[in-house]
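> Let me give you the structure first, and then I'll get to my questions.
The values are calculated or read from the model by the stated rules, or taken from the named source; none is laboratory data. Everything quoted here is computed from the prediction, not taken from an experiment. Because the Cβ atoms are built from the backbone with ideal geometry, glycine has one as well, and the counts that use them run over all protein chains shown. For the accessible areas, the whole protein counts, side chains as well, though only heavy atoms, and no ligand, DNA or RNA atoms are used. Shrake-Rupley method; radii C 1.70, N 1.55, O 1.52, S 1.80 Å.
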Amino acid sequence: MRKLIEKLGNQEGLRYTPTQLWYAAARNRIPTGIVVYGCVAGFLVVVTSFVLLVVSGASEFDPDVVRPAVVVGVVVLALSLLLTAHGSRRAKRTGKVDVPMSLADFRVRIIDRWTSVYSRPYGLKDEGSVRYPVIPDGSTPRVVLLCPDRAVLACLALNGAHTTHSLTLAQSLDQLGNISAGPTRPGEGGVVGIVLHDASPAGLAFASAARAALGGRVVVAGMLPRTVMDKDNAIRLRKPLDRGDLDAIRTSSSALTAAEADWLTRGWWSPIAAVPPAKLLAVVARAVDRAEGLADPDRGRAQQVGFLTWPTAS
């Protein structure tokens, strides 16, 4: 816990939510299901051997009883092991992979217990009952950060990202109607959106909806499968897909490679709430620079040209 607290705080006193602490604690501890099937196979071998021993002993090791019992036992064991191996292969490809402890249990068994023995983990703040959109200082910024995950929005708000970058924080596209960006100058298109999302079909669908609603005035800074699918320390979960998920993968406005599409189709996904606060804030800062270029055409042209660069011979 102390190592996790130090890591999430990044030695800068950063704030984080219980959900982020939960994912940090689960990192490298998420089971794959293969160990379970290995235990089942071992259990079957032990049980079959025990039954054969009991039958043989009860018959005083009569060959007429022992031989057919051994044959039946071997056949049953072989069929059981084949079914177990098939289940293991299926679990490896399509079985559900989840955090071993639910968030509710983690709050009670870990956070509350730690707090009662020591004290509240430094920097830990609940998501609370914040109502979105959050508009800093009553102003009407032209840049809106959209993210469906309340834990991510809460982390950004707790660390003052909305004030630092003059961002409105919103959880859904419907909340854009509650935001007034004020009058626009000629050539400006109104609100510019920054989109953060999971590496999942639902996340891709959210990004596609944002692009459809805002057109070219959107910066998608969410996670794509390529950022997590080959990293051993990333939080990678798996769950069954429905028809809507498959449609979201097929019609995604984000450019997916064949490997990424296959990864998602097999049910894999990764939550953006698992990204540590320091990295999350850095991603937002970079996205704000891009979004401000879209909100202010003059600034956008300046970013493309560059400034204060050392002159070079043409």
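> Taking the stated definitions as given, is ALA285 touching a His at 6+ places or on another chain (Cβ under 9 Å) and within 27 Å of ASP174 (Cα to Cα)?
yes
> Here is a further query. How about segment 104-146: which of its residues are in a loop (DSSP other than H, G, I, E, B) and touching a Gly at 6+ places or on another chain (Cβ under 6 Å)?
Answer for segment 104-146, where residues must be in a loop (DSSP other than H, G, I, E, B) and touching a Gly at 6+ places or on another chain (Cβ under 6 Å): GLY123, THR140.
> State yes or no: is GLN11 over 22 Å from SER102 (Cβ atoms) and at pLDDT 85 or above?
So GLN11 fits the description; yes.
> Turning to a different aspect of this structure: Filter segment 247-278 for residues that are part of a helix (DSSP H, G or I) and closer than 22 Å to ILE30 by Cα and give the result.
Correct list: GLU260, ASP262, TRP263, LEU264, THR265, ILE272, ALA273, ALA274, PRO277.
> Within segment 108-126, is there a residue that is in contact with a Leu (Cβ under 6 Å, 6 or more places away or on another chain) and open to solvent by 70 Å² or more (accessible area, probe 1.4 Å)?
Yes, because at least one residue in segment 108-126 is in contact with a Leu (Cβ under 6 Å, 6 or more places away or on another chain) and open to solvent by 70 Å² or more (accessible area, probe 1.4 Å).
> Any idea how many residues of segment 201-241 are open to solvent by 70 Å² or more (accessible area, probe 1.4 Å), in a loop (DSSP other than H, G, I, E, B) and in contact with a strand residue (DSSP E or B) (Cβ under 6 Å, 6 or more places away or on another chain)?
1
> Give all pairs with beta carbons closer than 9 Å in which a residue from segment 232-243 that is hydrophobic (A, V, I, L, M, F, W, C) meets a residue that is in a loop (DSSP other than H, G, I, E, B) and open to solvent by 50 Å² or more (accessible area, probe 1.4 Å); count only pairs at least 6 apart in sequence or on separate chains.
LEU237/LYS96; LEU237/ASP98; LEU241/ARG266
> Can you find even one residue in segment 283-296 that is under 29 Å from VAL97 (Cβ atoms) and either modelled with pLDDT of 90 or more or open to solvent by 60 Å² or more (accessible area, probe 1.4 Å) (or both)?
Applying the first criterion (under 29 Å from VAL97 (Cβ atoms)) to segment 283-296 yields 283-284.
Applying the additional criterion that residues be either modelled with pLDDT of 90 or more or open to solvent by 60 Å² or more (accessible area, probe 1.4 Å) (or both) yields 283-284.
Yes, segment 283-296 contains at least one residue that is under 29 Å from VAL97 (Cβ atoms) and either modelled with pLDDT of 90 or more or open to solvent by 60 Å² or more (accessible area, probe 1.4 Å) (or both).
> How many residues are open to solvent by 40 Å² or more (accessible area, probe 1.4 Å) and within 17 Å of the chain's Cα centre (by Cα) when one looks only at segment 242-268?
3
> Right, next: Is there a residue being on the phi > 0 side of the Ramachandran plot and either of a type in the set (Phe, Trp, Tyr) or at pLDDT 80 or above (or both) anywhere in segment 159-177? Give the steps one after another, and end with the answer.
Here is the first cut: in segment 159-177, the residues on the phi > 0 side of the Ramachandran plot are 160, 166.
Then drop every residue that is not either of a type in the set (Phe, Trp, Tyr) or at pLDDT 80 or above (or both), which leaves 160, 166.
Yes, some residue in segment 159-177 is on the phi > 0 side of the Ramachandran plot and either of a type in the set (Phe, Trp, Tyr) or at pLDDT 80 or above (or both).
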